[in-house]
Amino acid sequence: MKQLAAALLVLLALPCPPHAAAAVPGASVVALLTHAYAGRGLARPELFRRMAHRAKARRRLLSEPTNARPVRARVRAGLGGGGGGIVTNEYLLRVSVGTPPRPVALTLDTGSDLVWTQCAPCRGCFDQRLPLLDPAASSTYAALPCGAQPCRALPFASCGGGGRGRGNRTCAYAYHYGDKSVTVGHLATDRFSFGDDGGGGNAGAGGNLAARRLTFGCGHFNKGVFQSNETGIAGFGRGPWSLPSQLNVTTFSYCFTSMFEHKSSVVTLGGAPAAALRGAAHVAGEVRSTPLLRNPSQPSLYFLSLHAISVGATRIPVPPPASATAIIDSGASVTTLPEDLYEAVRAAFAAQVGLPLAGGGAALDLCFALPVAAALWRRRPTAVPALTLHLEGADWEMPRGNYVFEDLAARVMCVVLDAAPGGEHTVIGNFQQQNTHVVYDLENDRLSFAPARCDRLVASL
């Protein structure tokens, strides 16, 4: 806390360019995503171990006493008892910011709102491969004044430097996440490029978004479990600072390729509704829909009604009020369940798999020891019971690859689920959303999903 207070004091003294307001009209765009580990040449077991390690690190952070948090819980309501989305740095949106445009790589996170990237001067930041964004080098950068509506709407903001009287003082923010990651910086606007002019994506056919002036956090103090491939976070939540909200779109969707394939994924802001999925060449099954719910205490998050979970023929009911508090979160990797529900699911898998549980050195808690023959003969995958999430009006039947991982060399098979210590929410992470086209209809509060060949969708752009 003392370090953050000092960070804010230094930040208040940093000079910023004058403010220049600009409207943000509605938009439609298709952009490519890359997995955070793409191009590193890591084998599948190593990719899985790293994902599991991050999940365990966040679980330890979430189990710490609340007085260990570096920022007060009122900074932002969200996952983890007062924080924002549990970010695990999986799928990165590559755009460009400023004039001339400079590349940034932002984690796509439906569990939070703020769009931010690390900026120079960096008083305390994590290592990143891309050069720091330098606001002084952009002719279109403008720091927001304290009186601007986006600054007033932030739960934790202060007035920074700017000179020429109080009315020109700039907006300094502090924004934290449920895993105790934090960003502190100046709230600003600049030109964001999504198309072929440097954004790393492709403007959709008929799309009207090439570049727009957006509000974002220019972070000068950023701490947490981040990776060098990313530079910040793109919040896709319901709040006013998120990318969908700023672009005034009524729908967005994504289609994540497997984290083991190193192929590009795709995100769409605006455009066709979920009905367009029916009959699409990349869709490999039935399109199903369920209501998107709202929680007044956590208004930025996307809630679903989860009635039960089936493991094979065993149906495990989710009692209220927990049945109405499932969250879909693109920024979390491993799906987490409240402890009582997790223990029931764990027991059902243990009873049906018919293999001994692996020792304490396994990547996740629910792992099984494979027989020697599995590694020697490379036989067909071990049989596991089906996993189904029974949502309001729709069953989400998970493909085997979305909840099972086998490491034949280590003779271990893991069910990719975990317990949320003290958590009251089920959080559906992105590992369970691989090769699924997920559509958020914000106008009608509906979530639609269908099994898909996401690589085919990318190839068709």
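The values are calculated or read from the model by the stated rules, or taken from the named source; none is laboratory data. Since this is a predicted model, take the numbers as computed values, not measurements. In this analysis, Cβ positions are derived from the backbone assuming ideal geometry, glycine residues included, and neighbour counts consider all displayed protein chains. Only protein heavy atoms, including side chains, enter the accessible area calculation; ligands, DNA and RNA are left aside. Shrake-Rupley method; radii C 1.70, N 1.55, O 1.52, S 1.80 Å.
Points to keep in mind about this one:
- Extending 7 Å from the Cα toward the beta-carbon at both E339 and A369 defines two label points whose distance is 2.7 nm.
- Projected label points at D127 and A275, each 7 Å from Cα along the beta carbon direction, are separated by 5.2 nanometres.
- Sequence ranges 353-359, 98-104, ranked by mean other-Cβ count within 10 angstrom, highest first: 98-104, 353-359
- Sparse-neighbourhood loop sites, trypsin sites (Lys or Arg not before Pro) in the stretch 361-461 - DSSP loop, at most 15 other Cβ within 10 angstrom: R378, R379
- Unit Cα scatterers, Debye sum, the stretch 342-461: log10 I(q)/I(0) for q = 0.13, 0.15 Å⁻¹: -0.65, -0.82
- Highest average packing first - 231-241, 121-131, 414-424, 281-291, Cβ atoms within 10 Å: 231-241, 414-424, 281-291, 121-131
- Site pair T314 and Q352 shows an inter-label distance of 0.8 nm when each label is modelled 7 Å from Cα along Cα→Cβ.
- Value of relative contact order over the stretch 274-405, rounded to a whole percent, pairs C-alpha under 8 Å and six or more apart: 27 percent
- Heavy-atom accessible surface of the stretch 368-461: percent carbon and sulfur, 1.4 Å: 52 percent
- Taking the 1.4 Å solvent-accessible surface of the stretch 228-355 as the whole, the part contributed by carbon and sulfur is 57%.
- Net charge dipole size for the stretch 321-461 [Lys, Arg +1 and Asp, Glu -1 on Cβ; Debye, nearest 20]: 940 debye
- Relative to the current alpha-carbon distance between N295 and K263, full extension at 0.36 nm per residue lengthens the span by 8.0 nm.
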